[in-house]
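The values are calculated or read from the model by the stated rules, or taken from the named source; none is laboratory data. The structure displayed is predicted, hence computed values, not measured ones. Don't worry about glycine lacking a Cβ; one is built from the backbone with ideal geometry, like all the others, and counts go over all protein chains shown. The area values use the complete protein model at the heavy-atom level, side chains included, leaving out ligands, DNA and RNA. Shrake-Rupley method; radii C 1.70, N 1.55, O 1.52, S 1.80 Å.
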Amino acid sequence: MIKTISVKTSSREEMVDIRAEVEKIVKERGIKNGVCYIYVPHTTAGVTINEGADPSVKKDILYALKKIAPPTEAYSHIEGNADSHIKATLVGSSASVFIEGGRLILGQWQSIFFCEFDGPRTRKVYIKIIKEEE
Ligand code: ZN
């Protein structure tokens, strides 16, 4: 069973903390031990796990990605969002987190971020939880 989280972004580039939504789904499923897969089915958005405590970290990540893939370059893609596709590939479209004792095993400062690179839009994040054999 796949669960879907809907994420409404409000700017072209944005990192949205979805940790609480993912935790809610894990709790609802009531699985003690397993793996939680987080998958983003979009070509100009992605998902990453990084620091959620200091908001300046996500600001710096977006800043660095913009330096790697500036919006206006001699790109071939005529849609005008080549930089968004490149950033999505750099960040990746999936993440996985272990579940132990019914909880996501994330580091103290880690959060799960939906990464928007061509917003604002309404996006989807798919969650699949696999139960460990006992
Ligand atoms: Zn495109």
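Observations
- Comparison of S76, S56, S96 shows that the only residue that is hydroxyl-bearing (S, T, Y) and either open to solvent by less than 30 Å² (accessible area, probe 1.4 Å) or under 16 Å from the mean Cα position of the chain (by Cα) (or both) is S96.
- Subset of the range 90-105 [out of contact with any helix residue (DSSP H, G or I) (no Cβ under 9 Å at 6 or more places or on another chain) and either of a type in the set (K, R) or touching a residue at least 40 places away in the same chain (Cβ under 8 Å) (or both)]: G92, S93, S94, A95, S96, F98, E100, G101
- In the range 80-117, the residues that are within 16 Å of the ligand (Cβ to nearest atom) and either part of a loop (DSSP other than H, G, I, E, B) or among the polar types (S, T, N, Q) (or both): G80, N81, S84, T89, S93, F117
- Residue in the range 60-79 that is more than 16 Å from the ligand (Cβ to nearest atom), of a type in the set (S, T, Y) and modelled with pLDDT of 95 or more present: yes
- First in the range 68-83 and over 17 Å from E13 (Cα atoms), second anywhere and part of a helix (DSSP H, G or I) and within 12 Å of the ligand (Cβ to nearest atom), Cβ under 7 Å, 6 or more apart: Y75/A82; H77/H85
- From the options A20, A64, residue that is within 30 Å of I130 (Cα to Cα), of a type in the set (G, A, S), free of Cβ contacts under 8 Å to residues at least 24 places away in the same chain and exposed (fewer than 15 other Cβ atoms within 10 Å of the Cβ): A20
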